[in-house]
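Below is one structure, written out as structure tokens; the observations come after it.
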Amino acid sequence: MPSATVAPSPVHASHPAPSGRRPRKAPAQRITNNVTGYAFLIGAVLCFALFSWYPMVRGVVMSFQRTRRGVTTWVGWDNYERIFQDPSFWTAWKNTAYFTVLALVLGYAVPFVVAIIFNELRHARGYLRVLVYLPVMLPPASALFLFKYYAYDPSEAGLFNAILKFLHLPTSQWMQSTSMAVPAMVLASTWMNMGGAVLIYLAALQNIPGSLYEAAELDGAGLFKRIRHVTIPQTKLILSLMAMLQVVATMQLFIEPLILANGAGTQDSATSVAYLIYQHGFFQNDLNGAAALGVIMLVVLGGFSAAYVRLSSKQD
């Protein structure tokens, strides 16, 4: 019996198999996408240029000039020499450095401790978050006026003096005292700003794997050992970042002395560098001296930030 032959089926043209590469966009589409991206970007660039970069450059230029009766002349380093010879300049830097150190001891440590306590709780955690964040939602001026007229009243009617009297301790004049002005400002600033830091620390703590704590507990580690060997190493990055932000923010101390101490305080006990800039610019009509002070603060904070970046990169 003859074998039947099967005719080969016709080969139809098929599309080539995809090679895994995305099809290249047409030049017109790429140009359209780039124009759209640049259109969104140009707004932010213009805002930074007009309200950040231009004032910085203009401030540096003004620090080397002197304006008298509408006539501007170049004076070189005269503004800086005059600022360095001002006794208030060194007093302001001493007060600002003192405030920054106290803020690192109190305002930097307290939010982290509060976050650890909240993280250990099992009930009412949401309520406590709202409670600790409530001062942040208040306008800073309102919160400081609350401290000034309710807590720091130098009479026995003030909240803190009433507590000291109840404990049979000597009362204080608070903002009228040359020794208590800066600690009082640190206390008010910590209460006013700690809510945001607490939430940031809580987010970092909740990202720590629970297995690390379980392993530490199996090894017999108590609470403080778990914090030392697990919590702090796992949050080292956010702790160092918050420390840098804390220093940069506290070095620009302004609203606290302005409201709590009416500016300079008793014998310049509350004068800060930022308030001294404000005083030169708006009270003494010395815009060039204020610009020189601003440049000095810019150099100090820029040097600190550069040192932080260098040290953190070496540790990594």
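The values are calculated or read from the model by the stated rules, or taken from the named source; none is laboratory data. No experiment lies behind these values; they were computed from the predicted model shown. Glycine gets a Cβ as well: all are built from the backbone with ideal geometry, and neighbour counts include every protein chain shown. Surface areas here come from the heavy atoms of the whole protein model, side chains and all, with no ligands, DNA or RNA. Shrake-Rupley method; radii C 1.70, N 1.55, O 1.52, S 1.80 Å.
Which one of the conditions (1) at pLDDT 90 or above; (2) not in a helix (DSSP H, G or I) does residue 153 fail to meet, given that it meets all the rest?
All conditions are met except number (1).
Residue pairs, Cβ under 7 Å, 6 or more apart or interchain, first in the stretch 36-61 and not assigned by TED's automatic domain parsing to the domain that holds residue 299, second part of a helix (DSSP H, G or I) and surrounded by 11 or more Cβ atoms within 10 Å (Cβ to Cβ). List them.
59/291; 59/294; 59/295; 60/295
Take the residues in the stretch 236-258 that are open to solvent by 50 Å² or more (accessible area, probe 1.4 Å) and over 12 Å from the mean Cα position of the chain (by Cα); name whichever of them is nearest to residue 175 (Cα to Cα).
Among those residues, the one meeting the criterion is 258.
Of all residues in the stretch 259-279 being assigned to a helix (DSSP H, G or I) and open to solvent by less than 10 Å² (accessible area, probe 1.4 Å), which is nearest to residue 304 (Cα to Cα)?
Of everything passing the filter in the stretch 259-279, 273 is nearest to residue 304 (Cα to Cα).
Does residue 188 meet the test of being outside any helix (DSSP H, G or I), more than 18 Å from residue 119 (Cα to Cα), open to solvent by less than 20 Å² (accessible area, probe 1.4 Å) and among the hydrophobic types (A, V, I, L, M, F, W, C)? Steps first, please.
Values: outside any helix (DSSP H, G or I): no; more than 18 Å from residue 119 (Cα to Cα): yes; open to solvent by less than 20 Å² (accessible area, probe 1.4 Å): yes; among the hydrophobic types (A, V, I, L, M, F, W, C): yes.
Answer is no for this residue.
Identify, from the list 188, 184, the residue that is in contact with an Asp or Glu (Cβ under 8 Å, 6 or more places away or on another chain), under 25 Å from residue 96 (Cβ atoms) and in the same structural domain as residue 232 (by TED's automatic domain parsing).
The match here is 188.
Considering only the stretch 180-203, state which residues are of a type in the set (Gly, Ala, Ser) and without any contact (Cβ under 8 Å) to a residue 40 or more places away in the chain.
Within the stretch 180-203, just 203 meets the criteria.
Looking at residue 275, is it outside the structural domain of residue 52 (by TED's automatic domain parsing) and under 30 Å from residue 177 (Cβ atoms)?
Yes: the conditions hold for residue 275.
What do you reckon, is residue 306 within 21 Å of residue 185 (Cβ to Cβ), of a type outside the set (Asp, Glu), assigned to a helix (DSSP H, G or I) and open to solvent by 20 Å² or more (accessible area, probe 1.4 Å)?
Answer is no for this residue.
I'm trying to understand the selection: among the residues of the stretch 280-303, which are without any contact (Cβ under 8 Å) to a residue 24 or more places away in the chain, open to solvent by 60 Å² or more (accessible area, probe 1.4 Å) and at negative phi?
Those that are without any contact (Cβ under 8 Å) to a residue 24 or more places away in the chain, open to solvent by 60 Å² or more (accessible area, probe 1.4 Å) and at negative phi: 282, 283, 284, 299.
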